[in-house]
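So the structure is just underneath, and the comments pick up after that.
Please treat every number below as a calculation from the coordinates, not as lab data. None of the values given here were measured: they were computed from a predicted structure. A quick note on method: Cβ atoms are made from the backbone with ideal geometry, for glycine too, and the neighbour counts reach across all protein chains shown.
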Amino acid sequence: MHKRVEQASNRLPVHPSTLFFPSSGSERDNQRWENVASIANSSHIFLRWFLNQPTSASLPKRKAGVGFLFNRSMIMESRMAQRLDFFAGRVAMLATMHRKEQAIAPLLNSHLGVNVAVPAAFDTDTFGTFTGDVKRPSDQLTTARLKAAAVLRQTGESLAVASEGSFGPHPQIPFVACDRELVLLIDRTHQLEIVGECLSTDTNYRSQVIHSSADALAFAESVGFPRHGLVVKGGEAEQILEKGITDADQLLALVEQALSQSPHRAVRLETDMRALYNPTRMTVIAQATEDLVRAIAVSCPSCRCPGFSSIKQFPGLPCSLCGTPTLLTLSRLYRCQRCQFEQRLPGDHGFSAADPSYCPYCNP
Ligand SMILES: [Zn+2]
Ligand SMILES: [Zn+2]
């Protein structure tokens, strides 16, 4: 009925430091991780140790926008040994027609023991397209929920995964393009919804009007063609002439034809952002899946339900020089979806003070 995705053979414990800050992954690292996990069996011991670490100057460099995950991984280290396993051996239906299983399935299988399957005929284009011909019905998270619900309806299964990407200016650096990827897991058996996220500036998201074949080739080269696919738009309304182009001869033939039919000799080229035509995006989807795995691994201190997630953040981390509250996160409120237990934990960096460069008084 549906295609079973090839699985990774061995299951590994989730290792946040390798997921986030790539390390050697050596035998010694793995051993050290196992030691940390056992020592940190009590969350209090681990958090107390973490809060006593030096300030953010010594933090490893992180990709923009994924700061909150660091704290999540730290909490996870203390709790993962205690969580209930809700997912091992189950089948998760993945709502995709763009081969996202390549990025998502190996991670869910190796870390959770979940077997990912893709339904035979599932049309995700009805939930919006990047080329703009079909509008997305709602915001990113709601659209992912709609996809997950549709795939569960279609297959009658109880576990679904859906992913949704969004491209645009970076929220903090408006002149830089970014890719925000969400990967959502819905479990109808346990009434759970858990979200993984990655905001990355590593994207070739671009669109440009060109006036010659030479322009077209220059654009193609600048966005990683032919490993990355292209879209050609032409005519008064810039309708799609072709998408998923990965062949230079086909690209040039389409561009020549469109230029000859355009009164202003103008044709629009765009990067094809569908995952199967965009390996850079596929990598960011994998990073969002890693975040989902981490989110699942944080368990409720009260009932051990997986996916103990932040529902609210509180800014105001004080400046380390003058004590003025900054916009950096002071703490986050976590809530269990099963028993509603709530806990407030230190914010994004887990530190008690902010670097003065974030201070509105010291660095106005
Ligand atoms: Zn709970
Ligand atoms: Zn200050």
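With the highest mean first, a sort of the peptides 135-147, 84-96 on other beta-carbon atoms found within 10 angstrom per residue produces 84-96, 135-147.
Projecting label points 7 angstrom from Cα along Cα→Cβ for T142 and C362 puts them 4.2 nm apart. Of the GluC sites (Glu not before Pro) found in the range 230-304, the ones in coil according to DSSP and having at most 11 other Cβ atoms within 10 Å of their Cβ are E236. If the segment from A237 to L276 were pulled out straight at 0.36 nm per residue, it would be longer than the present Cα-Cα gap by 11.4 nm.
Label-to-label distance, T201 versus D249, with points set 7 angstrom from Cα along the beta-carbon direction: 4.1 nm. Around the amide H of L192, modelled in the peptide plane, lie the amide H atoms of D187, all under 5 Å away and 5 or more residues distant in sequence or on another chain.
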